[in-house]
Amino acid sequence: MATTLRARPAALNLTETAHARIADLMARAPGGAIGVKLSTPKRGCSGLAYSVDYVTEAKPFDERIDTPGGTLFVDGGSILYLIGSTMDWVEDDFTAGFVFQNPNAKGACGCGESFTV
């Protein structure tokens, strides 16, 4: 009996506006950037925050998500906090930024800058 492999679903879902923002970021990326990286450094009132930065090299345990506009890497140490999340880009008259719907988050600070799992 032959084993049939299926494509592994992405650990993180991206909206069309998030795809477009990654494409925009990569169009203006500094030399040597191979993509953008999402991580969850420890900071803020609740303990963890979302951070998106340019990356020049992939680390061995980073999750790689290829998008139409470029590559999104998810930090290997952060992936367990983010599985099943949706990443969106939202702009209005006063703010612009990535917004996350994270089913793993058990709470967030009042200002929305950090979360806890």
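Here are a few things to note about the model shown:
- 3J(HN,Hα) couplings calculated from phi for segment 15-26 with the Karplus curve 6.51 cos²θ - 1.76 cosθ + 1.60 (θ = phi - 60°) are, in sequence order, 7, 4, 5, 5, 4, 5, 5, 4, 4, 5, 4, 5 Hz; Gly and Pro show x.
- Farthest toward positive dipole pole in segment 1-77 [+1 Lys/Arg, -1 Asp/Glu at C-beta], among P60, T15, G32: P60
- Relative contact order of segment 1-100, defined on C-alpha pairs under 8 angstrom at six or more residues apart (%): 32
- A DSSP coil position with no more than 15 other Cβ atoms inside 10 Å describes the following trypsin sites (Lys or Arg not before Pro) in segment 1-103: R6, R28, R43.
- Distance (nanometres) between label positions extended 7 Å along Cα→Cβ at D53 and V90: 2.5
- Karplus (6.51, -1.76, 1.60) ³J(HN,Hα), θ = phi - 60°, over segment 61-67, in Hz, Gly and Pro reported as x: 9, 5, 8, 9, 10, 7, 10
- Amide H partners (placed H, <5 Å) of D62, local residues excluded: G76
Since every read-out is calculated from the coordinates, none of them should be taken as a lab result. This one's a predicted model, so the numbers in the text were calculated from it and none came from an experiment. All Cβ positions, glycine included, derive from the backbone under ideal geometry; neighbour counts span all protein chains shown.
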